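Encoded as structure tokens, the structure appears first; notes follow it.
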Amino acid sequence: MKLLSWFVIGMALLGAALPPVVGAQGKPFTVTGVRGVIFGAVLPGVPRVISRTDPANSGQFDIKGVKDTQVQLTFALPSAMNGPAGAQMPIAFGSSDAGYSQAQVIGSQIGFDPKQPFTGTLSKNGRGSVFIGATANPVANQRAGPYTATITLTVTVLP
Amino acid sequence: MRISKLSLAVLALVISASAVQAQTNNASITATATVQTPINVIGAQQLSFGNVFPGVNKTVAATDLTNAGRFDVTGQASTPVTLSFTLPATLSAGANTMPIDTYTGIHADNVAQTGGTAFNPVTGASPTLSATGGLFVWVGARVVPATNQAQGVYTANVTMTVVY
């Protein structure tokens, strides 16, 4: 019946237009930036290191999705922070500056290189957290003032 | 209850498109830092021995506000710094040299040297900048002219390096 066919097509297109991003079991799949990387006061010429295990200053993302799902974590990392009057301050990420915690506990992470994709598995509750540290490298004549940069985490659900 | 092949195909395409859309998500955080005031050092006053006579040692004390060498430092308020020095072993006048055998130092948070702290420039010091970000450093020394020291004007550079 043509009417039924058009109904199916219409429902399908309507479904495609719905905005929520959902997982295979219909649960929302979300990534949330919880906390930024905070270097605080930095002195010219003195590198400042923030560990991924620093509970107050490391960056944190929380992931919610379907339980036991494998996800690939990919960072877009800045090479410098932007400051006053166009000044820039280099920021570096070491080979173990990122960590994944299925239990969402900062003290229980698997370290990984944020410059490379990493595969983790969401918990039985469909949760996981990603922590990140970094090093700010101000030069000796670094211009005084506030500096910022954006760190983006892309999470892809693996089939 | 027949569903045409076209509608099934559209349904399959839409479902697969939805599935692909559902597989990726992202979020961003910010890295922040606040850079403090850079250090600035000025050689404010020369270390001046004045007239020196052959065979007669002459000392300029670090407490001598007129003749001791003085460096003025500015930077981030109330912040520790490390002082280190490059100290000449001799003064020179052309090919002639005159030994310096002793150095003394004092640092204070005011130009009057009130409440200053003595230190050995050879080993350096680790003072803290004042609440207004200032520090004053004086260097004294002793020259040991030989009994046959040649006449002339003798000079050398004393360099102080300050880091956070």
Checklist entry - In the range A:120-154, which residues are within 17 Å of A:Gly99 (Cβ to Cβ), in a strand (DSSP E or B) and either more than 7 Å from chain B (Cβ to nearest Cβ) or touching a helix residue (DSSP H, G or I) at 6+ places or on another chain (Cβ under 6 Å) (or both)? => result A:Gly120, A:Thr121, A:Arg127, A:Gly128, A:Ser129, A:Val130, A:Phe131, A:Ile132, A:Thr135
Checklist entry - Inside the range B:55-77, can you point out the residues that are among the small types (Gly, Ala, Ser) and within 14 Å of another protein chain (Cβ to nearest Cβ)? => result B:Gly75, B:Ala77
Checklist entry - Can you tell me which residues in the range B:42-52 are surrounded by 16 or more Cβ atoms within 10 Å (Cβ to Cβ) and touching a Gly at 6+ places or on another chain (Cβ under 9 Å)? => result B:Gln45, B:Leu47
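Matching residues to (1) modelled with pLDDT under 95; (2) over 18 Å from B:Ala31 (Cβ atoms):
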| position | (1), (2) |
| --- | --- |
| A:Trp6 | yes, yes |
| A:Lys64 | no, yes |
| A:Val71 | no, yes |
| A:Gly83 | no, no |
Checklist entry - Among all residue pairs at least 6 apart or on different chains, which show Cβ distances below 6 Å where the first residue, located in the range A:63-83, is farther than 10 Å from A:Thr154 by Cα and the second is among the aromatic types (Phe, Trp, Tyr) and assigned to a loop (DSSP other than H, G, I, E, B)? => result A:Gly65/A:Phe29; A:Leu77/A:Phe93
Next on the checklist: Looking at B:Thr63, B:Thr97, B:Thr86, B:Thr79, can you tell me which residue is out of contact with any Gly (no Cβ under 7 Å at 6 or more places or on another chain) and under 17 Å from B:Gly115 (Cβ atoms)?
Outcome noted: B:Thr63
Checklist entry - On the given criteria, is A:Pro114 under 24 Å from A:Gly40 (Cβ atoms), under 14 Å from the mean Cα position of the chain (by Cα) and in contact (Cβ under 8 Å) with a residue 24 or more places away in the chain? => result yes
Next on the checklist: Scan the range B:148-157 and tell me whether some residue there is under 16 Å from the mean Cα position of the chain (by Cα) and in contact (Cβ under 8 Å) with a residue 24 or more places away in the chain.
Outcome noted: no
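The values are calculated or read from the model by the stated rules, or taken from the named source; none is laboratory data. Since the model is a prediction, treat every value here as computed from it, not as a measurement. Backbone-built Cβ (ideal geometry, glycine too); neighbour counts: all protein chains shown.
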